[in-house]
1. What is the extension gain from Asp114 to Ser245, computed as 0.36 nm multiplied by their sequence separation minus the C-alpha to C-alpha distance, in nm to one decimal?
2. How much accessible area does Glu223 have with a 1.4 Å probe, in Å² rounded to the nearest 10?
3. Determine, from the Cβ-Cβ distance of Val107 and Ser426 and an R0 of 56 Å, the FRET efficiency 1/(1 + (r/R0)^6), rounded to the nearest 0.05.
4. Please identify every one of the trypsin sites (Lys or Arg not before Pro) in the stretch 260-346 that sits in a loop by DSSP and has no more than 12 other beta carbons within 10 Å of its own beta carbon.
5. Between rounded, prolate and oblate, where does the stretch 337-398 land on the alpha carbon gyration tensor, with a ≥ b ≥ c its root eigenvalues, rounded for a/c under 1.5, else prolate if a/b exceeds b/c?
6. For the stretch 35-80, with all protein chains present and a 1.4 Å probe, just round the carbon and sulfur fraction of the accessible area to a whole percent.
7. Of Cys80, Cys23, which has the most accessible area and how do the rest follow, probe 1.4 Å?
8. Evaluate the relative contact order of the stretch 45-133 (contact order divided by residue number), counting alpha-carbon pairs under 8 angstrom at least 6 apart; express in whole percent.
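The values are calculated or read from the model by the stated rules, or taken from the named source; none is laboratory data. Keep in mind that what you see is a predicted model, and the values were worked out from it rather than measured. Cβ placement follows ideal geometry from the backbone for every residue including glycine, while neighbour counts extend to all protein chains displayed. Quick note on the areas: whole protein, heavy atoms, side chains included, nothing else; ligands and nucleic acids left out. Shrake-Rupley method; radii C 1.70, N 1.55, O 1.52, S 1.80 Å.
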Amino acid sequence: LTDTESESSYYSPQKVKSREVLCLEQEGITIEVLMMGEPFFNCQIGFVGCRALCLKGIMGVRDFEENLNRREEDAVFFSCGDNLKSKGMTYLTNSLFDYRSPENNGVKAEFILDSANHKETYTEIVGMQRFGAFYMDYLYTMENSSSEGSQDFSVLNTEELVPTAQETSMKRLVVGPLDIRLHSSAVHRILKMVTCAMDHEYEPYCKPQQETIEACHGPATPEEISRLEEFIPTRLTSVTLLQVSVTVSMAEFNLLHALIPVILGYKATPRPVSVPVFQPLHPLPSVQFQVERVNFDHSEPMYGPELVTTVSSLSQPPENLLHHCYAHLYLKVFGFQAGLTCQDRTGSFLPLISIIPSFSTAIYGKLIQLPAFWSKRSAVPTAECIFELPHFTVQATRPQTLLLQAICQSWTHSMVNGSPLPVSESLHNEVFKVPGCPHRSSHQRQVWTVKSPSKWLHISECLQSRLPAESQWSHLRVVTSASRAHSSTSKGRKFPL
């Protein structure tokens, strides 16, 4: 980060001084590109390991100066994948740097140039075994359904909407074991970077483009509709996160009152900030979130404006064509759990105390493309969302609840001197059951559990731009699980649903 400072004299010029605050390290990086004219293009990118760590000080707080003699592991707040010492040189497989590759052994290399074999060969497991931290596979194919050759879709008019070439675009991103530790040093460095980017006096690099409606060229012909129903070019994006761990520690210092207003869009007011003397907290209470797997899939039409212009002009568009006029989003979360933990003086974390036991959930949503074309179609919803949650439980004792409150307040209540109030030793011993310390008896502990009775939540929204805002409507429907759709009696007490 760069900052200006002046000498003691009033008339002395300002000097620009730069300070190192962050460091990003990557190793084992590979980029491979394979193409065969227009019909086939493939790009694969991956790396073995990546980590980010804090350097020196931030906002006057000297938390990682050399004289503090802190361990390097304490400075790392982002780590992904493995390192070359333990992973080996697998990222060089089949490259010219691999002595086992065909080119280095006088053998002609064979390349996969069709999408079906490519998907069977380069799977998620193969990519993560080769790299371990990050793997991206972008595949674009163009298959001709006739002998007329390929066409340029960008110059097509409405009458030539669907050519003979069938295009597909697929992009897969896989991120391996991911460990994120959000402590005060990391959060202040990240938000300081964002603040410097938001506090500028120049025009933004790009502005959102307004949606323009072109004149309609008339209704589509039956031949165009039949060709559309045969094949529609689609762009698919898939993102997978594996074994994610996010740890939010109690704030050791808090100067967010000087950063948040700028990020929210308010003008920065120069005022003195009291810089605390950094003192590491040991033990350091934390909230940890763990996820076994996250799948995010997104699909949309490759040539949305041309498709929407044609389909919206039909009086009764087919369901298949209407389905492709939406952008579809799928989010699946497997094995999500949250709890309390604590970092000791050696830097290791205690076993997780479960607050939210492991559960899985799924969300599906779709959004209409170019809503202005559908303003006169009240029966066509602009957005739809389906949420599935089979079960959800929250359980905590009173000491655990107080510790959660203390961790939240250390971030939300920015102190004037920058130093939050520490947690009492008795509360820490009660939560983490330190041996040799007295604890309350079991009957004094308060445990509360919340279970979600609803299994499906369906939201459908339809906005009509031609009506005033107060006439716009939305529909909400909640369907509970059939196993809970009746009253239950326990010891003479009725529990209404």
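1. Difference between extended and current length: 43.4 nm.
2. Ignoring ligands and nucleic acids, Glu223 comes out at about 110 Å².
3. With a Förster radius of 56 Å, E is 0.20.
4. In loop regions of the stretch 260-346 (DSSP not H, G, I, E or B), the sparsely surrounded trypsin sites (Lys or Arg not before Pro) are Lys267, Arg345.
5. It is prolate, given that a/c is not under 1.5 and a/b is the larger ratio.
6. 55 percent
7. Details: Cys80 10, Cys23 40 Å².
Heavy-atom accessible area, descending, gives Cys23, Cys80.
8. About 36 percent, as a whole number.
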